[in-house]
């Protein structure tokens, strides 16, 4: 494989997350190019390839992995497939970018880490909040001492339900909104504070609105305690009307900041007639709406994918790794355990024989 | 000169605007590279070149123009030098990106256009608001019919004074805040509406705060009337405390939107201790502040410079041209005339023998 | 008439403004009580009286004026009736609270002032913005020196059309939105600055949206210049979608403030189902809305009416007088003159033989 | 005692809360008048009486209770005195308005309720959030069905420390910020949802910033679960810089609303020079600040006190009762227990022999 030029990328998946990957590489094209896509649903990969101008497409991702020029694979498939695909990609000698959450169990996480280590490829974890420009600015101010010692970090992500049907099925997702979006908040707060040891996890969950569709929770509140005394408060919901919300609050003995990726960046807009596009998951473009601009950029996706490509070339060191994903996985499991017992769970926590994290809250 | 590869750029200037140019090419490096910088103040060009990793530097911009490989020159010098520099660059066969406002007089504007036309080079006008992501989204919604027929567009830019001393000197600037920032609002509103004919200009000006430093106005209110009935209201100030403001409002029979580049994107922040950087012209980083993130990106500078480079390669058609700059110049002159007479001034307006636009308001 | 106890009030009118008066006296009942209402439309006064528990009602306001115990009359009728009613009330020995604008012409204004002076009754001018709590706080900060010398005051009021049909008929209203709401901005800015002499008035008007209903303007921009150098910028519209807007901005050499009575106080709300009431002139209660709380209180109506009652008892001195209304009337006339000529109009301005202010813009 | 006319009120206390009581009765004077004040610190009661024009003052509150014309007493003393004072007032035949939290223990709460019941006087609980206009509007919308079934209510109150020294001393306060302000959030969320049974309480506490001054917690996060499935999330802090924060969020299957009493109502203001008063606990009036207007009104204090006076006259039924205070007390105790054990505590919860709630978290 070449060690210069743009990194050649293959995408596994053809839906929401795969589109974000392809679009991100298109926005910042200088370090990588997508050369192939794989998706099992007949026609999907081909349509995807045409739409994004990708030369090769496959229905079997293993065939794509056999292409010798591909250097990096992004895994944008349902959660229960992450481990299998990552291990196969590693075996084929490809660097891997795996979507969040990393997998279903700690056993899987360890196998993924091990497979990549042995194959000498990078396992990178697609936590875009590490690259979200507004949140990066908050972290920067914290590092410059703006808030003194930070004692509380909050993150929440809320909307009215996932972007794909498979999330409702806990066999494929492993859990509900805490699994889907809690992983962002866990990673974010931990990263923001400089990755101190997580001492305990408390979590409450409920299925308020979507019990007709899923056994998974559609609302969760999670509290982390860190070595050194800081706390994280993480809220996630699939039951929140009115569009997307993704925001943070940071409190230190010397100050505070908050950031809102949606209402806080948007153009407050009223339209009788409607218009093209407001924002992901917006219910309408009529009446008062909150259209965002440069949506992917403001989440940090193009910057994240460019970073991963540069890591493959050795120009940068991975900032979001499989180890991060594993830590998040442990907290997710502890969160479900806490929701099931009504108690704080202390880390390290390694439950045995758990197939799906949600089983720790609601035994199957 | 090559017709492929990255466009080779020379910058004239080494201060605020020149820094923005250099930084912008660094943020989006795929279409252009800065290979030279020229600045008359001894040491400035060299320091600038070192800081941005630019290989060549000159104290005489005419020497830089003699470099055969330079294809595009950006003019980031005081207003009274724009015409001379642009004409010289055109004579040297370089494409020109000229900062706003285009020049001092309509005579100069015509000479600049003529020189570039005859030399077969592009004269591009550095109006970044055409590329400001948030404002572009507003324009897009308008074009999609969100607001129906738009009847009022407002733009304002306000802070506590210009970024360089030469602005206070009307011999070098041609006028005060209306000259410095009114040009943005004029161009923006005209562009937003699809460049309809401007029928009349009304303007009021005053020097409220900085009369000790300048004969120029530090506050202006300008009203434009367009063919078809729409109105623009443009406010600019060098007398506004508390940091930067750059915002728009759009009103149509079917809706409205508004956008604020500073408070409207910022992270509301409180700090006892202070931190590195909040935003251009922020008075402090202690207490409550409004730090922005990715400042240049959110203005659209990197996107603008990338566009200009692509125009040089023929990949795009200039969206901000010398003709735009000339139209803005006519409105600036009409504005000063209106402020001097207390009347609406109808366009076309071509005053004879005016050296500095401000003379139409305050005869020398 | 008694000089103690609650002031006995009669209301002329039974629509929007009359309701505000009755409701205001109900919210703060300690200084006045409404004892009668008069409205010419059959049934209206009776219905109104029943709704607000008012003991007496009349179809002829002159009959109401004959009631000896009534001490104060509020005039909540169309603009063209203000002078006639005020003069009749004064002749009957009643104190008068006249709604805004004061009347149609300066001749009327002078007759009203004269009639009240001769009858020894107070002529009070119902400009509630002098009592709006949020704006009063802004004024207070200004008086305490927060902003140093104030050089610019802005006020705007915008929505999608008047609350009664008679406003569309310039014979009864005298003009459009500038007459209807511009009077607020003129009074407010003048009052905010401490009533300095107004030197000039500039105005632009247009009928952007409602030309099918009215000859009057539905959008206006007005600029006042004050002795001492301050400027006012006043914007009013009946063409603004999305609900009510009433806001101010204040700029001084030492600082600034802004206040928004609607979005700036509201509870940002999303509802799939809708609810009872959001705010005056809100288009819907579904989707995103901006419900306000204690609407009348936040405008200052109850406080204003209580103040007027206390003036009748000699406990306070009128803060909003017929003289204020006359000054506003002069500016309104100058504004229409300016819109008609495209020039600043200098004050004093006393046009002869004008029936309706709008005739100075659009000759009949 | 008379059964008509203004209710005669005696205030116990002369500090922050007592001032709020006196000022509230002054703002809405039609239903009550303060005729006496008692405070043990020599000179305090007299100064207070002079300042508010109160005719009688006492150093011993028992002497004040002996005044036969006093009908209602407000208790604005440190928490550990609430029970004793309430019981004494009841014995003297006075109606009681007791500040929050009701007392220290459930035993005290029961004695207070019992004493008032036996004396035939009202025990009213001064939870002003039931009367906060903006929050009342939110409740109203909820009751009108705006949000459908509400599943999550959040309330938070945060600033940089209590308004009096005695709060730092857990012998007098019983605990830290959860005791001081958590009681607001507990009462509010319970009331907002229509007082459903509280099933469980979870709480985390920490002393992040003020460990040098107090054993009490300066930051708390509390989660309540209600019969029917709704959840409350309550955050309180004495460690938050930048001024006051008091806000709510309400989420239902059909919508949401949020309200902020400070930034959400304020006039965003920048001042180089400073001014008189911004808001309770504001660190400065220079730089960017968030001055509020009609502060007490916007909390609902005058409305609350007027309501209590009307209850004494039988015109209204108490909306905030001793029973409410007792329920809050039970949740406070359960919260400290939870913080001490790391587990959800189920209600009813009646710990035996607890002197100070905080002892359940940090054994003495």
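Assorted remarks:
- Any chance residue D:162 is over 29 Å from residue A:218 (Cα atoms) and within 12 Å of chain C (Cβ to nearest Cβ): no
- Residue match in the stretch A:125-140 (condition: over 21 Å from residue B:292 (Cα atoms) and touching a strand residue (DSSP E or B) at 6+ places or on another chain (Cβ under 7 Å)): yes
- Residue that is farthest from the other protein chains (Cβ to nearest Cβ) [pool: residues in the stretch C:241-278 that are buried (at least 24 other Cβ atoms within 10 Å of the Cβ), assigned to a loop (DSSP other than H, G, I, E, B) and touching a helix residue (DSSP H, G or I) at 6+ places or on another chain (Cβ under 8 Å)]: C:261
- Residues that are surrounded by 24 or more Cβ atoms within 10 Å (Cβ to Cβ) and part of a strand (DSSP E or B), drawn from the stretch D:206-222: D:219, D:220, D:221, D:222
- Just one of the listed residues (C:37, C:9) is more than 27 Å from residue D:27 (Cα to Cα), within 24 Å of the chain's Cα centre (by Cα) and at pLDDT 95 or above, and it is C:37.
- Which numbered condition residue D:220 fails, given (1) touching a helix residue (DSSP H, G or I) at 6+ places or on another chain (Cβ under 6 Å); (2) away from chain B (no Cβ under 14 Å); (3) under 20 Å from residue B:287 (Cα atoms): (3)
- Count of the stretch C:163-192 residues, restricted to those that are surrounded by fewer than 23 Cβ atoms within 10 Å (Cβ to Cβ) and outside any helix (DSSP H, G or I), is 3.
- Residue ID - farthest from the other protein chains (Cβ to nearest Cβ), chosen from residues in the stretch C:280-300 that are under 18 Å from the mean Cα position of the chain (by Cα) and under 22 Å from residue D:294 (Cβ atoms): C:280
- Within the stretch A:289-298, if we keep just the residues that are in contact with a strand residue (DSSP E or B) (Cβ under 8 Å, 6 or more places away or on another chain) and buried (at least 23 other Cβ atoms within 10 Å of the Cβ), the residue that is nearest to residue C:244 (Cα to Cα) turns out to be A:289.
- Verdict on residue B:59 being free of Cβ contacts under 8 Å to residues at least 60 places away in the same chain, at negative phi and buried (at least 24 other Cβ atoms within 10 Å of the Cβ): no
- Of all residues in the stretch D:186-203 being closer than 20 Å to residue D:247 by Cβ and within 14 Å of chain A (Cβ to nearest Cβ), the one that is nearest to the chain's Cα centre (by Cα): D:189
- Residue match in the stretch D:225-240 (condition: crowded, with 24+ Cβ neighbours inside 10 Å, modelled with pLDDT under 95 and within 8 Å of another protein chain (Cβ to nearest Cβ)): no
- For residue C:232, the conditions (1) in a helix (DSSP H, G or I); (2) closer than 27 Å to residue C:308 by Cβ are fulfilled apart from (1).
- Scanning the stretch C:15-33 for residues that are within 19 Å of residue C:46 (Cβ to Cβ) and either in contact (Cβ under 8 Å) with a residue 60 or more places away in the chain or surrounded by fewer than 23 Cβ atoms within 10 Å (Cβ to Cβ) (or both) turns up C:15, C:16, C:17, C:19, C:21, C:23, C:25, C:26, C:33.
- The residue that is surrounded by the most Cβ atoms within 10 Å (Cβ to Cβ), counting only those in the stretch B:303-348 that are over 21 Å from residue B:109 (Cα atoms) and under 14 Å from the mean Cα position of the chain (by Cα), is B:305.
- Selection count where residues are away from chain D (no Cβ under 14 Å) and either within 30 Å of residue D:278 (Cβ to Cβ) or surrounded by 22 or more Cβ atoms within 10 Å (Cβ to Cβ) (or both), scope the stretch C:117-129: 7
- With respect to the conditions (1) surrounded by 20 or more Cβ atoms within 10 Å (Cβ to Cβ); (2) touching a residue at least 60 places away in the same chain (Cβ under 8 Å), residue C:281 falls short on a single one, namely (1).
The values are calculated or read from the model by the stated rules, or taken from the named source; none is laboratory data. Small disclaimer: the values here were computed from a predicted structure and weren't measured. Cβ sites come from the backbone with ideal geometry, for glycine too, and all protein chains shown count toward neighbours.
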